[in-house]
Amino acid sequence: MMSVGRSIAKQILLGGLTQFLVSFRGLIIMPIIVKTAGDSVFGAYVLLSSIVVFISGISSFGTNYTFRRELPSTDTGRQRCALLMPPLTFRIFSTAAFATLLYFGSPGLFGMFGESIPFSPEYLVIWLLGLLFQEKATDYYRYTSRFGIYNLLTLGQIYIHIGAIIGVVLFWHDLSLDTLLLLQGSSLVILSLPTLVLGVFRETGLSWPQCNWRNFWTDARLGLPLTGEFIVDFLVAFGDRYLIGLFLSLAAVGQYQSSYALAGLLAFLPKVLGSVLPPPLCRLWDDKKHQQAEQLVSNALRLFLIIAIPFMVGALIIGPSVVAALTTPEMAFAGRWAVALIAIGMLFYGIIILLSSVAFVTRQTSVIFTANLIAIVGNVALNLVFLSIWPTVTVPAAVSAIVYGIAFSYALYKVRKHFSISFHWSSLIRSILATLVMSAVLCLTGYTPGTIGSTDILVLGLTVFAAMVSYFAVFLVIGGLPAVDRAALAILIRQHRN
């Protein structure tokens, strides 16, 4: 177990850095788009990106579940090829069908919002194909526990995209919606297609899918709840953007997204854990080492809460000033309460990601689907009622906190019946005490909740750094890092030095 723990710790460290850099993509490109093309173009780009991601996410219809679930236990290329080809074949045909619908149906996408921003639908098709190549390549390396290549693929595409956007702004000074869409799709294809062909297919080979198709569809039905989970989770995460566009404007979508981009940084660690944990959890659970699997998840949850608690308070106090520095004071003021409220929602969302890993391993996929279904019904209902009364971006932010809280409560209740999870309350209390000290430091530097203070980048950077140092210093002094954790950390540091 110690060797497994050290291996997972290394993966979390590398994956954490990668996901942290991935999360910063939004904060990097958001000010570039807003200040170069305007908040309406940014809002349109957000809506179009959500449509393409949604189509990509549902196009497998659960047929990739067995591939992902069984791949960690395979050893040979022939075994992996047998798992890969049936869902890949299905996905190619479904993507072709969706690409056709997207190409001919996308020109009227903005009609419901009463605004018209022209774009080329063929660029959406390129983007959709790029997501297909990216998913198959990253899935293969993720579930064969080669997280170095997985992280490189994930991070490489992100920063090729960012570099291309910066290059266009520096040399052509013209950043249109079409340019944004073309750069997004091209950056996916350039990296993922060669990796899929020269990497994955070189190991597995290509063959006509030889399988029992009746069993294939039976297995696919087991994966359908995961597709349903994605749909509902997507609607909870992005459905409010459409309601904002419907009740407010595309500019308001950009205002909300600017707050979401900052608060969404909190999800970076759960996303790392959600990528790293399933393969070792599958092995532990299949080997009947249930207690070790439960300990692994509980430690991951404790690590997330140690970071989440100060982040939420920091989002309340200094979040609006950071958004103002990245975009405009007007956008930041419109979402001055949204940053903290969305951060609360991200706390619950992060825990749901961890619970989803447990449900995936224990084959309780319907639990997470039901939890997210509850959340989307609440999300749509509450936004429809309150956006018509208070047309402000604060409303969907508050709704997201409420619905994710309900979804988390239901999922935890169901998962705990078969899988024991500990919240490590002593560590939680120490984190809260350290956060109180951090809050005092932020207030002493002139930042208060719901207001916009100094937006000077140097001042903001130094203030955030001081807040982080004060939090972790107090947390360590009052015993936030137990002896067993210090010993494991020391071993990990020595291994990296060697």
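The values are calculated or read from the model by the stated rules, or taken from the named source; none is laboratory data. What you see is a predicted model, and the numbers here were worked out from it, not measured in a lab. Neighbour counts run over all protein chains shown; Cβ positions are idealised from the backbone, glycine included. Side chains are part of the model used for accessible areas, which takes the heavy atoms of the whole protein and leaves out ligands, DNA and RNA. Shrake-Rupley method; radii C 1.70, N 1.55, O 1.52, S 1.80 Å.
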What is the sum of charges around Val197, taking Lys and Arg as +1, Asp and Glu as -1, for the other residues whose C-beta is under 13 Å from the C-beta of Val197?
+1
What three numbers, in Å, describe the spread of the alpha carbons of segment 149-190 along their principal axes, ordered from the longest?
34, 17, 12
Ser366 accessible area, assembled protein chains, probe 1.4 Å, Å²:
60 Å²
Using a probe of 1.4 angstrom, how much of the accessible area of segment 232-496 is carbon and sulfur, in percent?
72 percent
Find the accessible area per residue for segment 15-211; the probe is 1.4 Å, ligands and nucleic acids are left out, and the unit is Å².
41 Å²
Please report Rg over Rh for segment 412-461, where both radii come from the alpha carbon positions and Rh follows the Kirkwood definition.
1.27
Sorted by accessible area (1.4 Å probe), largest first, how do Glu70, Glu330 line up?
Glu330, Glu70
Can you give the local net charge around Ile421? Use residues other than it whose beta-carbon is closer than 12 angstrom to its beta-carbon, Lys and Arg +1, Asp and Glu -1.
+3
Proximal charge balance of Pro278 [Cβ under 13 Å; K/R count +1, D/E count -1]:
+3
Measuring with a 1.4 Å probe in the full set of protein chains, what accessible area per residue, in whole Å², belongs to segment 232-496?
40 Å²
